[in-house]
Each structure stands twice: as C-alpha cells, then as structure tokens.
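A short worksheet on the structure shown next.
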Amino acid sequence: MTYDAENKYVRRHQNICPRHLRRQIIRGLRYGKPPYRQIQSGLYQAGFNLNAIPDCCLPTVYLTPGPKIPYWYVLLQLWLTLSHGPQSLEVLEHVVTQMPWHKSAFINDTDWRRRCLMDVLQWWTAQQVITWHKNLICLNEKSIIK
C-alpha cells in the first residue's frame with residue numbers, strides 16, 4: 001500500500017465499527033488465532049487482558065493509512081503507554097516507530113508515522129480521551145479502566 005496525498009483515506013482496509021471489531025477480537029481469542037494469541041500473551045505480561053480493550057481503542061473514524069497492523073492495536077499500545085502516566089510526544093512517536101509500517105513513495109517514514117500519530121491524538125482530543133498539559137499528553141479520568 002502506498003499513501004496517496006490526493007486520496008487521504010483508504011477506507012476498505014479499516015473496520016470502524018466498534019461492535020464488529022470487539023466481536024472479531026473476542027472470536028480471535030476464543031479460537032486461538034495466531035495474531036490474537038501473540039498480542040494477548042504480550043498484554044498479559046504487561047498486566048492487561050485484551051478482552052478489556054477500552055472503547056477509545058476501537059476506531060470510529062477513518063485514520064490515515066500506514067500501519068501494517070490493525071489500528072485498534074496501534075490505539076491500544078498508545079493507550080497502554082499513556083495509562084502509565086503523562087507522556088511526551090517523543091515517547092508516543094517511539095511507540096509508533098516500533099510497529100511495522102507500509103512503505104510510501106510519497107512521504108518519508110518519519111513524517112508518515114508522525115502524521116498518523118497526530119491524527120490519532122486529534123481524534124482522542126476531540127473525544128476527550130486525552131488532554132494536553134504543556135508538553136505532556138495525559139489520559140482523562142473517564143478513559144482509564146480501574
């Protein structure tokens with residue numbers, strides 16, 4: 001896949017129905033499908049269960065294409081990082097950089113990842129999932145699972 005500046009969103013590759021995404025994740029865990037099993041084992045080590053994925057990690061808007069992995073996983077990794085406390089934009093960029101990405105013929109990888117991250121952060125800000133305090137990004141109280 002290549003990023004096309006004229007056609008900002010590739011919709012056919014993104015599922016934005018939270019109910020379907022949640023059902024897909026639960027079904028993948030139940031039947032032990034490899035990507036879900038690997039994700040779940042990594043999350044268990046971090047003290048989290050994939051069945052408890054927060055609603056804010058299930059996209060309801062089309063986000064800029066780029067990651068090779070589903071966007072819900074990108075959102076979950078960012079959310080888990082923010083759940084440890086306020087983080088800088090550089091820390092969140094590092095989280096996204098560690099994930100596999102498609103190559104683009106139109107934009108360099110760093111700019112592409114940064115653009116996708118900013119799309120996510122703008123969407124979360126509009127949903128009131130996060131707030132910005134000076135140079136730090138924090139989860140709002142209502143988006144933290146206790």
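Overview of results
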{"read-out": "Test result for residue 122, in a helix (DSSP H, G or I), within 21 Å of residue 17 (Cα to Cα) and in contact with a helix residue (DSSP H, G or I) (Cβ under 7 Å, 6 or more places away or on another chain)", "value": "no"}
{"read-out": "Filtered residues of segment 107-143 (kept if modelled with pLDDT under 80, farther than 22 Å from residue 61 by Cβ and of a type outside the set (D, E, K, R))", "value": "108"}
{"read-out": "Residues of segment 65-94 classified as within 14 Å of residue 124 (Cβ to Cβ) and under 15 Å from the mean Cα position of the chain (by Cα), total", "value": "14"}
{"read-out": "Segment 44-75: number of residues that are over 22 Å from residue 108 (Cα atoms), among the polar types (S, T, N, Q) and touching a residue at least 24 places away in the same chain (Cβ under 8 Å)", "value": "2"}
{"read-out": "Qualifying position, being surrounded by fewer than 16 Cβ atoms within 10 Å (Cβ to Cβ) and at pLDDT below 90, among 65, 100, 70", "value": "100"}
{"read-out": "Failed condition for residue 79, given (1) loosely packed, with under 14 Cβ neighbours inside 10 Å; (2) under 26 Å from residue 19 (Cβ atoms)", "value": "(1)"}
{"read-out": "Within segment 31-60, tally of residues that are assigned to a helix (DSSP H, G or I) and buried (at least 16 other Cβ atoms within 10 Å of the Cβ)", "value": "7"}
{"read-out": "Any hit, segment 6-15, residues being modelled with pLDDT of 85 or more, of a type outside the set (A, V, I, L, M, F, W, C) and out of contact with any Leu (no Cβ under 6 Å at 6 or more places or on another chain)", "value": "no"}
{"read-out": "Boolean, residue 91 is at pLDDT 90 or above, under 21 Å from residue 43 (Cα atoms) and crowded, with 20+ Cβ neighbours inside 10 Å", "value": "no"}
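The values are calculated or read from the model by the stated rules, or taken from the named source; none is laboratory data. All values derive from a computational prediction rather than experimental measurement. Ideal geometry is used to build each Cβ from the backbone, glycine not excepted, and the neighbour counts take in all protein chains shown.
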